[in-house]
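Rule-based calculations on the coordinates, nothing more; no lab input. The structure presented is a predicted model; accordingly, all values stated were derived computationally and were not measured. FYI the Cβ positions are ideal-geometry reconstructions off the backbone, even for glycines, and counts take in every protein chain you see.
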Amino acid sequence: MEKFEGKSILKGVAIGKIHYYSKGEQVVQRVSVEDTGAELQRFEAAKEKALEQLHELYEKALREVGEVNAAIFDVHAMMLEDDDFNDSIRNAIESQKVNAEYAVATTGDNFARMFEEMDDEYFQARSADIKDISERVVSVLHGAGAKNALGDEPVILAAKDLAPSETVQMDKSKLLGFVTEFGSSNSHTAILARTMNIPALIGIPVDESLEGRTAIIDGVTAALILDPDEETLKLYQEKKQEEERQRELLQELKGKEDVTLDGKHIRLYANIGSVGDTAKVLANDADGIGLFRSEFLYLEKSDYPTEEEQFQAYKTVAQNMAGKKVIIRTLDIGADKQVDYFNLDHEENPAMGYRAIRICLDREDIFRTQLRAILRASAYGNIGIMYPMIISVDEVKKCKEILAQVREELANQGIPVGDVEQGVMIETPAAVMISDLLAGEVDFFSIGTNDLTQYTLAIDRQNAKLDSIYDSHHPAVLRMIRMVVENSHKCGCWVGICGELGADTTLTVDFLRMGIDELSVTPASVLPIRKIIRESVAGEN
Amino acid sequence: MKSFNYVIQDEVGIHARPAGILAKAVKKYSSKITISGNGKSADAGKLMAVMSMGIKKGMEVTVTAEGEDEDTAIAETEKFFKENF
């Protein structure tokens, strides 16, 4: 048994025999030609054929892995039609009187080197694209058709490197996983592996001695285990089976509605903390975003984020969610989230200190900038706003007043704004006790169970010594949730949970019975919660 | 000659696909469209040349159009930059 460690592209287990793949070594020889006209025609014909192949690959990838990942073949086609690239090839054929293969290969090498030497990872990675297209044209010139490298049995494919076109051409049903020596986690092959959901490792030494050997890819520890002993093999077979059970279960639930057995529709949303998280929300098929933590915009910066920066982030998420609800929580800084440029004083008790809405209502300029950005983005999707750490009706009225002013300001400037639902986070016992009054002011509530538990039980979440008595299922917390649901429904307000408790599968049924309208959870929890919703009865509430 | 300046907003900079679409689009003008930035310049109709400029987020580029249809060309190109980069 041997073990190698690399970098994992996709967490998952693959077990099987290795097939060592090497590109049909295309040895390009320099041959002098007399009839350069005919050689030019050979090149043009090969280029046309290669373009045709690329269009076919684009269509194939579009069906299998979607537009975003298929785009690479469209880019290849555009690169192949580049004037400079073509001029350089034609020029080599005409002036050096060489064969088309040689002209294409040397031009490809030159252009690839130019990109390799750039100082940006994205542009460096394009050199692989150029090699891929020049190799494609050379294979056409050589008369080699697209070959299926794989045999009848599914295999783990090991290669020095894989071009995106090679990855897509492979028969997915014969692929258990990939192992490559080169390539980056940014490469298209890596992205394709991720999209196709195939375990993949990079940075593992690969040569032909691997051919035919039994191997395990452990995507979690990023290890390749060669010739595993019986015990190891058994362990991984069990892991693999468990993984498959989970995956099947969840895949079946995609596209299904979040409706209880007795017909109550639940808003099953996801929580995100950055623009990039939207992909996970869509991949897990959530109905919307129930908590978009806007802090990342502030935490990543060394100065206040501008209105434009914030607008771009909110707009991107709203557009990507294509009409599904996106609830943005206004700045919740302070307490355990500190930012230098806010120059906040050191506090003895920050959890109960100057934080969240308290800062926003005190330093209105910061708040107004954020609200302007959110309202501008609301013209591009279905946006909601929620205010954190509310303890009084006055605070809510003040927030609404400022929002109305900002809205009017934008209207006067002729800037489009969409309809926006407003809500408050219920995370203090005060908000719970006056939830009947708050419900008259807003469209929705979202219960932040983490803070609500800490304030209700008077237990500092950061104090490890108190972990044993920090009980998120404490009846006091559950009664508070019930009270909030009842009060909100009396005023026609909808109510959800966006704290960790929302994803606690042992409580989902209880929440449904209480009459919760929305659950907003981490993207990975969406499908497991959907399963419970679909198997439960909400009852009269 | 007409021109405009633009600061790149796209996370990756002037990347392959929109640059390729731009290269095709500018071929319909009789004017010559040139992009300058990062100490280099390139014909907007040439994808590889444009990409090899290595224009990243936050860099300012100057785009010029020179020729009979320069007014239309610059207006449409500016719109393209705003929408894609």
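A few remarks follow.
- Angle of helix B:16-25 to the longest C-alpha principal axis of chain B, folded into 0 to 90 degrees and rounded to 10: 0°.
- A Förster radius of 56 Å combined with the Cβ-Cβ distance from B:MET1 to A:LEU299 puts the calculated FRET efficiency at roughly 0.80.
- Kirkwood hydrodynamic radius over Cα pairs of the range A:193-272, then Stokes diffusion coefficient at 20 °C and 1.002 mPa s, in µm²/s: 132
- Full-extension gain in nm, A:ASP419 to A:GLU117, via 0.36 nm per residue minus C-alpha separation: 103.8 nm
- Net charge dipole size for chain B [Lys, Arg +1 and Asp, Glu -1 on Cβ; Debye, nearest 20]: 360
- Förster radius 60 Å - calculated FRET efficiency between A:GLU34 and A:ASN450, Cβ distance, rounded to 0.05: 0.15
- Inverse of mean 1/r across different Cα pairs in the range A:254-353, Kirkwood, Å: 15.5
- Our compactness index for the protein assembly as shown, the C-alpha radius of gyration over the empirical 2.2 N^0.38 Å, is 1.14.
- Cα Rg over Rh - chain B, Kirkwood: 0.92
- Geometric descriptor of the range A:322-392, per residue, is 107 Å³ (volume of the convex hull of the Cα atoms).
- Sites A:GLN237 and A:ALA464 - FRET efficiency at Förster radius 30 Å, r taken between beta-carbons, to 0.05: 0.20
- Cα-based helix-to-principal-axis angle, A:121-142 vs chain A, degrees rounded to 10: 40
- With Cα atoms, 0 to 90° folded angle of helix A:100-116 axis to chain A main axis: 30
- Globularity index of the range A:422-505, i.e. its alpha-carbon radius of gyration over 2.2 N^0.38 Å: 1.08
- Too-long pairs where the Cα-Cα distance tops 21 Å, listed order kept, from B:LYS2/B:LYS82; A:LYS254/A:LYS325; A:LYS315/A:LYS337; B:LYS27/B:LYS57; A:LYS47/B:LYS28; A:LYS301/A:LYS324: A:LYS315/A:LYS337; B:LYS27/B:LYS57; A:LYS47/B:LYS28; A:LYS301/A:LYS324
- q = 0.11, 0.20, 0.21 Å⁻¹: log10 I(q)/I(0) that the Debye formula gives for the range A:329-487, counting C-alpha atoms only: -0.49, -1.29, -1.35
- For the range A:487-541: rounded, prolate or oblate by the Cα gyration tensor [a/c cutoff 1.5]: oblate
- Antiparallel bridge percentage (DSSP; both residues within chain A; nearest 5): 30
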